Structure formats: C-alpha cells, structure tokens
1. Between a residue in region 168-195 that is in the same structural domain as MET236 (by the TED database) and any residue that is among the acidic types (Asp, Glu) and in a loop (DSSP other than H, G, I, E, B), which pairs come within a Cβ distance under 8 Å, given they are 6 or more apart or on different chains?
2. Out of everything in region 257-293 that is touching a Phe, Trp or Tyr at 6+ places or on another chain (Cβ under 9 Å) and in a strand (DSSP E or B), what residue ends up being farthest from ASN127 (Cα to Cα)?
3. Take GLN111 and tell me if it is open to solvent by less than 50 Å² (accessible area, probe 1.4 Å), part of a strand (DSSP E or B) and touching a strand residue (DSSP E or B) at 6+ places or on another chain (Cβ under 9 Å).
4. Of the conditions (1) in a loop (DSSP other than H, G, I, E, B); (2) of a type outside the set (D, E, K, R); (3) farther than 18 Å from TRP294 by Cα; (4) open to solvent by less than 30 Å² (accessible area, probe 1.4 Å), ASN91 clears all except one; give me its number.
5. Here is a list: GLU204, GLU233. Which entry is open to solvent by less than 30 Å² (accessible area, probe 1.4 Å), at pLDDT 95 or above, of a type in the set (Asp, Glu) and not assigned by the TED database to the domain that holds PHE47?
6. Looking at PHE193, PHE174 in this structure, which one is open to solvent by less than 60 Å² (accessible area, probe 1.4 Å) and in contact with a strand residue (DSSP E or B) (Cβ under 6 Å, 6 or more places away or on another chain)?
7. With the requirement that a residue be of a type outside the set (S, T, N, Q) and either within 17 Å of LEU108 (Cα to Cα) or in contact with a Cys (Cβ under 9 Å, 6 or more places away or on another chain) (or both), what does region 130-148 give you?
8. State whether one or more residues within region 146-156 are within 20 Å of GLN296 (Cα to Cα) and in contact (Cβ under 8 Å) with a residue 24 or more places away in the chain.
Amino acid sequence: MAKVLVKMFHLQNQQVLQILEKSLRKCLPESLKVYGTVFHMNQRNPFNLKALVDRWPDFNTVLICPQEQEMTDDSDHYTNTYQIYSKDPKNCQEILDTAGVINWKQHLQIQSSQTTLDEVIQNVVTNKLVKVKQTNAILYMMPTSARRLLPSLAQVKNLPLKSGRPKAINEEMFKLSTLDVTHAALVNQFWHFGGNQRSQRFIERCIQAFPTFCLLGPEGTPVTWSLMDQTGEIRMGATVPQYRGQGLVSYNLYAFIQTLDKLGFPVYNHTDRGNKIIQKMSQNLHHIPLPCDWNQWHCVPL
C-alpha cells in the first residue's frame, strides 16, 4: 500500500510566528527546545531558520530547521539540525517518514524535549538506512524563567524566595568578559560534542550571533565560558583544567543567567546524567530539573 504524502506548511509571517511562540508556551516544558528556538526566531532569527507545521493554527507537529540553502554540506550535522515538538506521535512519524522535510541522506541531528519521540525516530530510521545514536540528558530551567513560564510546576512553587548564589572568586585575578570569535578553537577543544572543523564553524557562528560570557584569567585569555545556541539554550560551557575546582563555572554561569533574565530570554540548559559536579552546582543555584528530558538523535546514513 502506497504511503500518503503528508504536507507541511511553512510559517513565514512574523505575526504568525509570534502566535506559534504563544501556542508553544502553553505546551511547556515538553515544547521547550522548539519554544526556545521560535523565541529567538522572533528576535532576529540569526540562523535563518524556518518553522513547519502539519496544519494551522491547530497544529499537531512543529518542525524547525534551516533553510535549504544553509544545508549544503551533507556531513555537517551541526548545521543540519532539526527541532521537533509533537502532540501526536503517530502524526509525527508520518511526517518524518513521508513529508520530505528531512533529508535522510545527510548527517543530521534531531533535538527535542520529548523522550517519547525516541520510538518514533527509531521506527522511521529503520526504513531509511540510517544509523542513529540518542543522547538523553537532564534538562534544567533557571529560576526566573521557571517562575515566569512554569509557575504551576511543583518544583517552582517550592523555590526559595532568595536565589542561589555562587561563592565569591578573586575578582582581581578573574575578569568577566565576552567571547570573541577567535576563542572558538578553545571552546571547541573542550566541547563534548565538538573537536572538529565543522563544530568549530558552528561555535564561531554561535559566538557571532548570540550573547556569551567568560572569565578572563591572569593571562588575559578565557579560563571558563558559556555560550548559547540557536535554540536559546546555554551550552558548551567549560573551564580549562588548571583553573577547575575554584567555582569559576558557577560564577560565570550565574552572571550570564542574570544578563539573559534581564533580556527576557527563556533560560535553560542540559547536563549529562553522569556529571554529578554540574548537577550539584545546578542544585546550589536553584536550577529546576524539568519533568521532561533533553534529547538529541545523531543520524548518519549507512
């Protein structure tokens, strides 16, 4: 029996994208990865992304991806990245299987705050001759964003009135600053998902497009840093080995979050389940572990 082609609609009007953002806000936290992306599309859309829905305005599935002219390198899964939110897994599977919106012949990534989509993606790739590796991590939202966006969440209701603060650092030795594009190689060296030329190009683009924060050490170079990606998530944070264990990452992250809060951004990040040090830091700073997860599926054609 022939598969029926599912049609997706491209939301191009700014007013319509703002309606989409409001609709996704009602679906938080499960929609967070897509909500954060659409939020920044409505700011300046520096990554030139597009939003596709199965129907409008009562959508089942939203898929965000770059414009076709952006995805010219079939091996660049950092650029070839899709964010998905779906209220209907069956509908989502039909879209991924037949709509032609994903080029399964490319190396690509799919990101979502919905672990339930793992079964959907696994079902689809079996017919596409694609190898997939899922990464599942803890998803956190920062206190101010959580109070604003998820006030009914139990963890938010129990938040202390006073925000968690990092311990003091030697402010004569370490100076708050921002990253320059020339720092991309350093960030790339310590990024768990990086370490190659394509990831460095992606990092350079993030530094140029979004806010960054770092602490400069005595040598005048970054010793710890945090970046944002096209979904608005704080990512790629690290501290160089010789300065670890001094609370620099929490100090830098706290300053970064304060700045993003003032801009009204939805502030969130993820942490590897094995990284107990960062989980402890998140607890101390009153970051809210969400009832859904951070998920990324790295897909490679066979």
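The values are calculated or read from the model by the stated rules, or taken from the named source; none is laboratory data. Because the structure is predicted, anything quoted here is derived from the model rather than measured. Every residue, glycine as well, gets a Cβ built from its backbone with ideal geometry; the counts of neighbours run over all protein chains shown. Protein only, heavy atoms only, side chains kept; ligands, DNA and RNA dropped before computing areas. Shrake-Rupley method; radii C 1.70, N 1.55, O 1.52, S 1.80 Å.
1. HIS192/ASP272
2. Among residues in region 257-293 that are touching a Phe, Trp or Tyr at 6+ places or on another chain (Cβ under 9 Å) and in a strand (DSSP E or B), the one farthest from ASN127 (Cα to Cα) is ILE288.
3. Working: open to solvent by less than 50 Å² (accessible area, probe 1.4 Å): yes; part of a strand (DSSP E or B): yes; touching a strand residue (DSSP E or B) at 6+ places or on another chain (Cβ under 9 Å): yes.
It is true that GLN111 is open to solvent by less than 50 Å² (accessible area, probe 1.4 Å), part of a strand (DSSP E or B) and touching a strand residue (DSSP E or B) at 6+ places or on another chain (Cβ under 9 Å).
4. Among (1) in a loop (DSSP other than H, G, I, E, B); (2) of a type outside the set (D, E, K, R); (3) farther than 18 Å from TRP294 by Cα; (4) open to solvent by less than 30 Å² (accessible area, probe 1.4 Å), ASN91 violates only (1).
5. Details: GLU204 fails: open to solvent by less than 30 Å² (accessible area, probe 1.4 Å).
When all the criteria are applied, what remains is GLU233.
6. Numbers: PHE193 fails: in contact with a strand residue (DSSP E or B) (Cβ under 6 Å, 6 or more places away or on another chain).
That would be PHE174, the only listed residue that is open to solvent by less than 60 Å² (accessible area, probe 1.4 Å) and in contact with a strand residue (DSSP E or B) (Cβ under 6 Å, 6 or more places away or on another chain).
7. The initial filter retains those residues of region 130-148 that are of a type outside the set (S, T, N, Q), namely 130-133, 137-143, 146-148.
Hits for region 130-148 are VAL130, LYS131, VAL132, LYS133, LEU139.
8. Start the filter on region 146-156 by keeping residues that are within 20 Å of GLN296 (Cα to Cα), which leaves none.
No: region 146-156 contains no residue that is within 20 Å of GLN296 (Cα to Cα) and in contact (Cβ under 8 Å) with a residue 24 or more places away in the chain.
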